Amino acid sequence: QVRLVESGGGLVQAGGSLRLSCAASGSFFSINIMGWYRQAPGKQREMVAIRTRGGSANYAESVKGRFTIARDNAKNTVYLQMNSLKPEDTAVYYCRSIGPESWGQGTQVTVSS
């Protein structure tokens, strides 16, 4: 079983940056995919970025070139560096592991215009 704990959310002005962290307990290296998802009010949860154990990364079109997902196996942590933030990036951001499946509790990101 994997337990995920996110941190790093907050309030930032448009154009600013934030870095989210997701610390995983358990056997982090064996986790197949780590990812970040987000859910804005009144909208469905959507994939933001995922990174496989082998190093491949995929991003939502809306964040390409602005967000970067990184995985540090030595620290059992996955990061989401978010630059050039926009008001439409406002959402609760969730960390997710796939294989085994687990979700974090979420962290709020609010971008003011």
request  = Among ILE69, VAL109, SER7, pick out the residue whose Cα is farthest towards the positive end of the charge dipole of the chain, where Lys and Arg carry +1 and Asp and Glu carry -1 on C-beta, about the Cα centre.
outcome  = ILE69
remark   = Of every hundred units of 1.4 Å-probe accessible area on the chain, the number belonging to carbon and sulfur atoms, as a percent, is 47 percent
Per DSSP, loop trypsin sites (Lys or Arg not before Pro) in segment 1-61 with at most 14 further Cβ within 10 Å = ARG3, LYS43
remark   = Whole-Hz Karplus couplings 3J(HN,Hα) for segment 80-86, θ = phi - 60° and coefficients 6.51, -1.76, 1.60, Gly and Pro as x, run 10, 8, 10, 10, 6, 5, 10
ask   = Excluding same-chain residues fewer than 8 positions from LYS43, which aspartates and glutamates have a Cα within less than 18 Å of its Cα?
value = GLU61, GLU88, ASP89
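Working out 0.36 nm times the residue gap between ALA40 and ASN73, then minus their Cα-Cα distance, what length gain in nm do you get to one decimal? Let's see the in-between values first.
Details: separation 33, 0.36 × 33 = 11.88 nm, distance 2.93 nm.
Fully extending the segment from ALA40 to ASN73 adds 8.9 nm.
Run the dipole for the chain about the Cα centre, Lys and Arg Cβ at +1, Asp and Glu Cβ at -1, nothing else charged, and hand back the magnitude in debye, nearest 20. Could you put the intermediate results ahead of the total?
Values: 13 positive and 7 negative charges, 29 e Å.
The calculation lands at about 140 debye.
The values are calculated or read from the model by the stated rules, or taken from the named source; none is laboratory data. All of these numbers come straight from a predicted model, not from anything done at the bench. Quick reminder, even Gly has a Cβ in these numbers, built from the backbone with ideal geometry, and neighbours come from all protein chains shown. Side chains are part of the model used for accessible areas, which takes the heavy atoms of the whole protein and leaves out ligands, DNA and RNA. Shrake-Rupley method; radii C 1.70, N 1.55, O 1.52, S 1.80 Å.
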